[in-house]
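Encoded as structure tokens, the structure appears first; notes follow it.
Read-outs: derived from the displayed coordinates by stated rules, not from any lab. On a predicted model such as this, the values are computed, not experimentally measured, just so you know. Quick reminder, even Gly has a Cβ in these numbers, built from the backbone with ideal geometry, and neighbours come from all protein chains shown.
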Amino acid sequence: MDLTKNLKIESVCRLNMSTPVTLSPRDSVRQAVAVMQQHRIGCVVVVQDGKLAGIFTERDLLKRIVAVGRPLSLTLAECMTAKPVTVRSSDPIGKAMRCMTEGGYRHLPVLDEQDRVVGVLSVRRIVRYLVEHFPQTVYNQPPDPNAVQKDRDGA
Amino acid sequence: MICPNCGHDNLPGAEECAQCMQDLTHLDRPSAQDRIEKALLEEPVSVLPPARPVTVRPTETVRQAVQTMVENSVGAVLVVGDGGKLLGIFSERDVLNRLAGLHDQYEELPVSHFMTPDPETVSADDKLAFALHKMDGGGYRHLPVMADGIPQGIISVRDILRYVSQLCFE
């Protein structure tokens with residue numbers, strides 16, 4: 001189990017991402033927010049004519065709507081992140097991870113060879129991959145490494 | 001499970017050798033298989049290093065807290081009370097799940113209404129694997145780094161992944 005090697009050779013499609021939740025650019029921010037709350041996800045994919053048009057993330061909601069007091073009735077076309085950075089399902093997981101840390105992205109749309117969106121890779125899924133990779137190491141961490149009994153047991 | 005002292009073949013998981021009473025517990029401890037795993041297991045949170053936390057007071061309004069997040073380009077602010085005591089954390093996820101579309105006029109309400117109170121924390125000496133475990137278990141992207149009940153820093157999932165990336169590609 002060589003994690004360094006696996007990050008370079010295992011591809012993103014191995015991560016069994018759930019099918020992406022997609023909306024159209026004409027849908028409203030209100031709809032996007034409802035979908036994100038319902039599915040407990042941090043972003044929706046905006047698709048037009050079967051092609052990726054953009055993504056709308058919780059960061060977009062914060063910066064482009066809430067912070068500037070714009071209404072939830074705006075369309076996604078007006079406030080989504082257009083042309084987001086993407087990865088291919090055949091790309092190695094390590095490449096996707098580096099892309100996220102360098103760009104500060106928490107979600108990357110995943111495209112197949114025909115440029116169709118097949119999933120969204122979240123930073124949370126990468127964390128899960130790391131933890132799954134060496135469950136023995138991570139899960140054997142004590143719940144509180146600083147737990148010290150204040151009083152002696154017994155007499 | 002062969003005793004390294006006397007060579008006696010013990011039952012797997014035995015705590016001491018049935019023949020020579022040698023302590024065998026160390027044989028069952030997880031050992032790192034490669035560089036990244038070793039680093040996560042042995043290096044403390046302080047190597048990242050943690051960023052200085054961006055803080056707000058519980059009485060500040062949601063509007064002020066959101067402005068602070070945008071101006072500092074952070075995804076979460078710590079809500080601290082008197083003496084710098086940590087009361088909660090307010091993140092983008094809270095804006096999405098507790099505010100957007102659910103409240104009218106929330107901008108002028110105090111941030112303490114919508115923060116996540118008593119968040120999970122780590123200390124600077126905790127190992128990276130421990131922090132990663134907490135993030136995975138709770139789905140947290142930020143963990144305050146505490147010393148004596150006061151938040152001294154904050155780490156994000158991005159900090160840990162950046163560290164792993166550097167180890168992987170160096």
Residue list for the range A:69-93, given a label point 7 angstrom along the Cα-to-Cβ vector of residue A:34 and an amide N cut-off under 20 Å:
A:70-80
With +1 assigned to the C-beta of every Lys and Arg and -1 to the C-beta of every Asp and Glu, and no other charges, what is the dipole magnitude of the protein assembly as shown about the Cα centre in debye, to the nearest 20?
1260
What's the average, rounded to a whole number, of partner chain beta-carbon atoms within 10 Å of each residue's beta-carbon in B:127-134?
5
Förster radius 56 Å - calculated FRET efficiency between residue A:113 and residue B:102 (Cβ-Cβ, nearest 0.05)
0.85
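Of all DSSP beta bridges in the protein assembly as shown, what percent run antiparallel (nearest 5)?
The antiparallel proportion sits near 80 percent.
Report the net charge of residues surrounding residue A:94, where surrounding means a beta-carbon distance below 11 angstrom and charges are Lys +1, Arg +1, Asp -1, Glu -1.
Taking every other residue near residue A:94 into account, the sum is +2.
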For the range A:15-139, which semi-axes, largest first and in whole Å, follow from the square roots of 5 times the eigenvalues of its Cα gyration tensor?
26, 17, 13
What are the ³J(HN,Hα) values, in whole Hz, obtained from phi via the Karplus relation 6.51 cos²θ - 1.76 cosθ + 1.60 with θ = phi - 60°, for each residue of the range B:68-76 in sequence order, with x given for Gly and Pro?
4, 5, 5, 5, 8, 6, 10, x, 7
Please give the FRET efficiency for residue B:170 paired with residue A:51, using the beta carbon to beta carbon distance and R0 = 35 Å, rounded to the nearest 0.05.
0.45
Partnerless cysteines, meaning none of the other Cys C-beta atoms lie under 4.7 Å away, in chain B
B:168
Taking only the alpha-carbon positions of the protein assembly as shown and ignoring solvent, what does the Debye formula give for the base-10 log of I(q)/I(0) at q = 0.11, 0.15 Å⁻¹?
-0.78, -1.26
Using only the alpha-carbon atoms of chain B, report the extent along each of the three principal axes, biggest first, to the nearest angstrom.
73, 35, 32
Kirkwood Rh over alpha-carbon pairs of the range A:53-125, then Stokes-Einstein at 20 °C and 1.002 mPa s: what D in µm² s⁻¹, rounded to an integer?
161
Given backbone amide H placed at 1.01 Å from N, residues whose amide H is under 5 Å from that of residue A:121, ignoring those fewer than 5 places away on the same chain, are A:108, A:110
Using modelled amide H (1.01 Å from N, peptide plane; none on Pro or chain starts), what sits under 5 Å from the amide H of residue B:146, excluding residues fewer than 5 places away?
B:122, B:123, B:124, B:152
Cα centroid distance between the range B:62-121 and the range A:43-104, in Å?
22
Given a Förster distance of 30 Å, the FRET efficiency implied by the Cβ-Cβ spacing of residue B:148 and residue B:18, rounded to the nearest 0.05, works out to 0.05
Convert each backbone phi in the range A:101-113 into a coupling constant with the Karplus relation 6.51 cos²θ - 1.76 cosθ + 1.60 (shift: θ = phi - 60°), then list the ³J(HN,Hα) values in order as whole Hz, x for Gly and Pro.
6, 6, x, x, 8, 9, 9, 10, x, 10, 10, 8, 5
What residues qualify as long-range amide H neighbours of residue B:43, i.e. H under 5 Å apart, gap of 5 or more or another chain, H built at 1.01 Å from N?
B:128
How about the range A:1-56: which trypsin sites (Lys or Arg not before Pro) there lie in a loop by DSSP and see at most 12 other Cβ atoms within 10 Å?
A:26, A:40
Mind counting lysine pairs for me in chain A? Cα separation below 25 Å, and the two need to be 8 or more apart along the chain or on different chains.
6
Would you be so kind as to identify which of A:126, A:47, A:109 lies farthest towards the positive end of the dipole of the range A:3-137, taking Lys and Arg as +1 and Asp and Glu as -1 on Cβ and the Cα centre as origin?
A:126
